Each structure stands twice: as structure tokens, then as C-alpha cells.
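The values are calculated or read from the model by the stated rules, or taken from the named source; none is laboratory data. All of these numbers come straight from a predicted model, not from anything done at the bench. Note: ideal-geometry Cβ built from the backbone for every residue, glycine included; neighbour counts use all protein chains shown.
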Amino acid sequence: MKRSGLTLIELLVAMSILAIIVLAVAQLFQQSTVAWESGYRRTRTAMVARAILGYVAADISLAAWGGDVTEPTSGSGFSFYALDGTNLLEQISYSTGGGDVVRNSVPLYESVPALSVEAMSATFALPYHADVTMDVKTVDKGREETRRFTTRVYLANRNRYYYD
């Protein structure tokens, strides 16, 4: 008499192969999730850095000089004078404090986890443009990385001088 069905050993072998396949798929899913989260954090860092540079560039594009206005200063932060919309002169200063970018003593953005602005500088090539550089330190998967963001700003007020 012939019996049909699976023996206990055949069933154990089939379950072992299935368990190996399920573990491999779970490991692949976990690794792809970690890679996606890392890419998301890097993209978010780049977005915040570009937004900060855009904000700074908008201020710098209104820089003015001449008369009693001193040349812009540079370093770990920088300051310059700008004409506002009513033709009044305002001193604007940027610095990096505690990993944040500070504009006239007010933080420019709320803290972003794992993002720290290490240095920010501007090189003014008056009267035409300024180059702004920002070094951003990120921590991703326990590894620190410093990325440099730069932009060139063309000065809108290059033909408008300020005199007292």
C-alpha cells in the first residue's frame, strides 16, 4: 500500500528553505529602509542649507557701500550694510552660533536634528558680486560629514551708492 503526503523530514526541509527566503527578504527590506532614511536626511540637510543661502543671498543682493558705510567684514560670520525698500541703511550681520545661523541676534531657522552649520563666510568683490560659503556638518549613521555649500550673489545696488 502506497501512502501519499509529505514526510516529517520533507516538511522540515521545506519550512527551513521558506524561513531562509523570508529572512533574506526582511534583511533586504531593512537595508533599503535604512538607505532611504539616510538619503532623506541628506536631502533635507541640502534643502535647509540652500534655503539659508537663499535667504542670505537676498540680503546680500541689497548691499550698499560708499560714504560712511564701511567695507563688509568677513570671517566665521560677516556683516554689511544694506538699503531697505525705503532707502534707509541697515546693518545686517550673520554669524554661526551653536550650529545655528543667526541674523542680527535672531536664529534664522529652528534647529534641525543632525545638522550643524560650522562656518559661514562671504567674500565681497565690490561692486559686482559676493561669494557666500557655508560649511554644514551632518551626522548620518554615526559618521560625521562636512558638506560645503556656495553661491554667488550679484549685487542689485551696485550702481546705488549711499552718502550722508
Report summary line: Note on K2: of the conditions (1) of a type outside the set (A, V, I, L, M, F, W, C); (2) farther than 21 Å from T138 by Cβ; (3) in a helix (DSSP H, G or I), unmet is (3)
Report task. List every residue pair whose Cβ atoms lie under 7 Å apart, where the two residues are 6 or more positions apart in sequence or sit on different chains, the first residue falls within the range 84-96 and is under 23 Å from V117 (Cβ atoms), and the second residue, located anywhere, is of a type in the set (S, T, N, Q). Result -> Q91/S79; I92/S79; I92/N104; S93/S79; S93/N104; S95/S76; T96/S76
Query raised in the report: Can you tell me which residue in the range 104-116 is nearest to the chain's Cα centre (by Cα), limited to those that are within 30 Å of S38 (Cβ to Cβ) and modelled with pLDDT of 75 or more?
Result: S116
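Let's see how each residue does on (1) assigned to a loop (DSSP other than H, G, I, E, B); (2) under 19 Å from M134 (Cβ atoms); (3) touching a Pro at 6+ places or on another chain (Cβ under 6 Å); (4) at pLDDT 80 or above:
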| residue | (1), (2), (3), (4) |
| --- | --- |
| A58 | no, yes, no, yes |
| E71 | yes, no, no, no |
| G75 | yes, yes, no, no |
| T86 | yes, no, no, no |
| S93 | no, yes, no, yes |
Report summary line: Expected output for the range 134-148 (first residue without any contact (Cβ under 8 Å) to a residue 12 or more places away in the chain, partner surrounded by 14 or more Cβ atoms within 10 Å (Cβ to Cβ) and in a strand (DSSP E or B), Cβ below 7 Å, 6+ apart or cross-chain) is E144/K137; E145/T138
Report summary line: Contact list, first residue from the range 35-49 and within 14 Å of S116 (Cα to Cα), second anywhere and of a type in the set (G, A, S), beta-carbon distance below 8 Å, six or more apart or interchain, is R41/A114; T45/A114
Query - A46 vs. criteria in contact with a Phe, Trp or Tyr (Cβ under 9 Å, 6 or more places away or on another chain) and at pLDDT below 95 - result: yes
